[in-house]
Amino acid sequence: MCPERWSDPEAVSTAAAVLGSRARIDAPLGALTTSRVGGPAAVAFEANGPADLQVVRTAGEASGLDIIVIGRGSNLLVADSGFEGIALFLGEAYGEVEIDQTDATVTAGAAVALPVLARQCASAGIGGLEWAVGVPGSVGGAVRMNAGGHGSDMASCLLDADIADLNGGDAPPPAVNHRVDSLALGYRRSGLADSDVVLRARLRGHPTSPEVAMDRIAEIVRWRRENQPGGQNAGSVFMNPPSDSAGAQIDQAGLRGLRMGSAEVSRVHANFIVSDPGGTAADVVALMDEIRRRVHEHSGVVLQPEVRMVGFEGSPTPA
Ligand SMILES: Cc1cc2nc3c(=O)[nH]c(=O)nc-3n(C[C@H](O)[C@H](O)[C@H](O)COP(=O)(O)OP(=O)(O)OC[C@H]3O[C@@H](n4cnc5c(N)ncnc54)[C@H](O)[C@@H]3O)c2cc1C
């Protein structure tokens, strides 16, 4: 019953057997990302509590397969051959938002979409999180990536996060509360290990009028529409080098509009790669390699990927 596309079908079957009837074998993964390229996950599972996390951990240990937690797939590039591991999705149990008006804080489950969080806070008169409306990720993915924009980021708003470690142990992994200063958040990175799963985050805002906050949201949405492409993409492909923005580097090397197969450097924003419907991850990777080569040739700058590569050699989640 286990597809022979995987190099170790026995490991895949073992993981699926431990996970039980809710495991999905050969489940769509690349198709669920915002790039909509790339293949399936060998096994996918949705967790809705500590017992589920424990079973995922056991499945990983029993099979030897890697586990990767998937948020909204807005910063992932999945290989065309797929991911021979366990893709962990967080379900409704991690989808709640609680706003505390008394101290302008909000507690959000890791599965909550940032734009939803930003709008809910704004309409409740909590300011300071408007920037998140432009980032199509989840709260969990945003903590790991220290997502940000429009002059702010997760590091500036986060108070603390509940994190479970899927490494070792027989009991359900406890959700340990970590203060923001222990998470080593830096520019589009954190000190989280691959086995760390963010479950909840508590964020600080400030009291404001809903009208002011919603106006700011509308302004950010307008700016995004005018300055970033739509379609199939994973946002900024490369991190900004210390000297300049990655987009400016790519532009100066004359690469706007450069195409390799189904992947094109966006004509709207040069740090975005847009894929054609039915496109491949291989074309995106080939274009990334070509951009890096030509930017280095042009300015000596070595661009580093911001997007997380999944299922490629040396992955699942290299920074
Ligand atoms: C159009 C567009 C615009 C974008 N603009 C911005 C921007 O302005 N600023 C910015 O910072 N980013 C931007 N991004 C990138 C992306 O939205 C962010 O990096 C976001 O934080 C990723 O969240 P996600 O839930 O989609 O994570 P995913 O893409 O699903 O995963 C990214 C990484 O986070 C990990 N992860 C996901 N959930 C969890 C969890 N619960 N616990 C632990 N690890 C987890 C994954 O394992 C993976 O390593 C943009 C993307 C797009 C498509």
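The values are calculated or read from the model by the stated rules, or taken from the named source; none is laboratory data. Everything quoted here is computed from the prediction, not taken from an experiment. Methodologically, a virtual Cβ is constructed for each residue, glycine included, from the backbone with ideal geometry; neighbour enumeration extends over all protein chains shown.
Which of the strands (runs of 3 or more DSSP E) contained wholly in the range 113-213 include at least 2 residues that are outside the structural domain of LEU53 (by TED's automatic domain parsing), more than 24 Å from ILE67 (Cβ to Cβ) and in contact with a Gly (Cβ under 9 Å, 6 or more places away or on another chain)?
Result: 196-204.
Residue check: is GLY38 closer than 30 Å to MET239 by Cβ and either in contact with a His (Cβ under 9 Å, 6 or more places away or on another chain) or in a loop (DSSP other than H, G, I, E, B) (or both)?
yes
So which residues in the range 165-184 are crowded, with 20+ Cβ neighbours inside 10 Å and touching a residue at least 60 places away in the same chain (Cβ under 8 Å), if there are any at all?
Selection gives LEU166, PRO173.
Looking at the range 214-257 only, could you name the residues that are outside any helix (DSSP H, G or I), buried (at least 16 other Cβ atoms within 10 Å of the Cβ) and touching an Asp or Glu at 6+ places or on another chain (Cβ under 7 Å)?
Within the range 214-257, SER236, VAL237, PHE238, MET239 qualify.
Of the residues GLY60, GLY95, GLY71, GLY91, which single one is in contact with a helix residue (DSSP H, G or I) (Cβ under 6 Å, 6 or more places away or on another chain) and at negative phi?
GLY71 is the lone residue from the list that is in contact with a helix residue (DSSP H, G or I) (Cβ under 6 Å, 6 or more places away or on another chain) and at negative phi.
Take ALA62 and decide whether it is surrounded by 23 or more Cβ atoms within 10 Å (Cβ to Cβ), part of a helix (DSSP H, G or I) and outside the structural domain of GLY140 (by TED's automatic domain parsing).
no
Quick one: would you say ALA281 is within 29 Å of GLY85 (Cβ to Cβ), buried (at least 20 other Cβ atoms within 10 Å of the Cβ) and not charged (D, E, K, R)?
Spelling it out, ALA281 is indeed within 29 Å of GLY85 (Cβ to Cβ), buried (at least 20 other Cβ atoms within 10 Å of the Cβ) and not charged (D, E, K, R).
Find the residue count for the range 119-150, including only residues that are surrounded by fewer than 24 Cβ atoms within 10 Å (Cβ to Cβ) and of a type in the set (A, V, I, L, M, F, W, C).
2
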